[in-house]
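Following: one structure in C-alpha cells, then a few remarks.
Computed from the coordinates by the stated procedures, all read-outs in this text should not be read as laboratory data. Computed from a prediction, not measured in an experiment: that's the story for all the values here. We place every Cβ from the backbone using ideal geometry, glycine too, and count neighbours over all the protein chains shown.
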Amino acid sequence: MSLNDEIKVYEDVVVSRSTGEVESYEPTFFNEVIRRREVNFIVQAIQAKKPKLILDYGCGGGWLSRLICDRGFQVVGIDLSEKLIKIANSICHEGDFIVCDAMKLPFKDNIFDFVVGISILHHLPDLRSALRELKGTSLPGTVFLFMEPNSINPLSAFGRRFFPMEAHTKGEKPFTFGYLKTLLILAGFEIERYFTTFFFSFPIARFLKITGMKLPLWLIKIISSFETLAEKMPLLNALNSNIVALAKLR
C-alpha cells in the first residue's frame, strides 16, 4: 500500500471529536473492559519513569495524549493523517502535534525519554528501520511502551478476515507473541515486561459495534472478571489478542 493510500484510509475513519477515539468498538464495553485496564498500565509506567518529554507515536485523534497531559506530563504526538492531528489539537490543547511519517521523524537526536505506541508498529513497512529511527530521537534509558495485536488469537484472526477494522491498511501484519519480543531484543532494547491480555474482549467489543447491540453494565462486569481469569490460563496466554511490551533503551 502506498503512503497516499494509507493516509486516505485514516482520513476516512470515524473519530470521536470529544474523545479522539477511533469508533471501531462499542464504546461502553470497550471503555469498561479494555481501555480502563490499558490506561491504568500506561499511567503506572509513565508515573514510574516521570519523563520530561513523551512521544505519542501514532497518536491518532489524541485520546492518549490528552490523558498524558491531564496528568501533568509534556507530550508530542505524531500521525500520518492531517485530519487526526487536527482532532488531536482540538481535544488536547496542551500537547504538540505534528503530521509526519513515523518512518521519518522530524526531531533532533536524544530528546524523548518515554515513547508510547498503541497499535502502530504492525502498520509500518519496515519495523527494524522504524525502531532505529525511534532510538535516534531517544535518550539513553528511555522507556518504550507498545501495545500490539497478536496475530494468532483465533477470534481476532477471524474478525480481521471477515470484519476488518475501518482503519485496516493493506499489508499490515500483526505479530506473533515471540516475534515482536525477539525483534526488540535484536534492536538493542532491554525487555522489562512482556505479556498478553484480553483473549475475547476485543472481538466482543467489535461484534457489539457491528451489530449495534449493547450489554447491561452488570453483564459487562461479569465478562471483565472472567476475562481477567481466562487470559492467565496457561493454554490461552499465548493466544491473547493484545501484546504488551515495556522495554528500555540500553
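Quick look at the values:
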| quantity | calculated |
| --- | --- |
| In degrees, nearest ten, helix 201-211 long axis to first principal axis of the chain (Cα) | 70 |
| Stretch in the chain that is longest and holds no GluC sites (Glu not before Pro) that DSSP places in a loop and that have at most 16 other beta carbons within 10 Å | 167-250 |
| For I222, I111, I78, order by how many other beta-carbon atoms lie within 10 Å, fewest first | I222, I111, I78 |
| Cα lying deepest toward the dipole's positive end in the chain, options L215, G72, G178, charges on Cβ | G178 |
| Helix-only CD estimate at 222 nm, as mean residue ellipticity for the chain, using -39500 (n - 2.57) per DSSP H run (n ≥ 4) | -11500 deg cm²/dmol |
| Simple spin-label estimate for K173 and S129 in nanometres, 7 Å along Cα-Cβ | 1.4 |
| Length gained when the stretch F195-N40 is fully extended (0.36 nm per residue, less Cα-Cα span) | 54.3 nm |
| Total charge dipole magnitude, the chain, about the Cα centre, Cβ charges on Lys, Arg, Asp, Glu only, Debye to nearest 20 | 520 |
| Helix axis angle, 177-186 relative to the chain longest principal axis, alpha carbon, degrees | 10 |
| Between helix 82-91 and the chain: long-axis angle, C-alpha atoms, 0 to 90°, nearest 10 | 80 |
| Cβ-derived FRET efficiency at R0 41 Å, A187 paired with D96, nearest 0.05 | 0.95 |
| Under-5 Å amide H pairs with I54, H placed in peptide plane, nonlocal only | Q74, V75, V76 |
| Sites E82 and D109, calculated FRET efficiency, Cβ-Cβ separation with R0 22 Å, nearest 0.05 | 0.25 |
| Cβ-Cβ FRET estimate between L219 and F162, R0 fixed at 30 Å, reported to 0.05 | 0.75 |
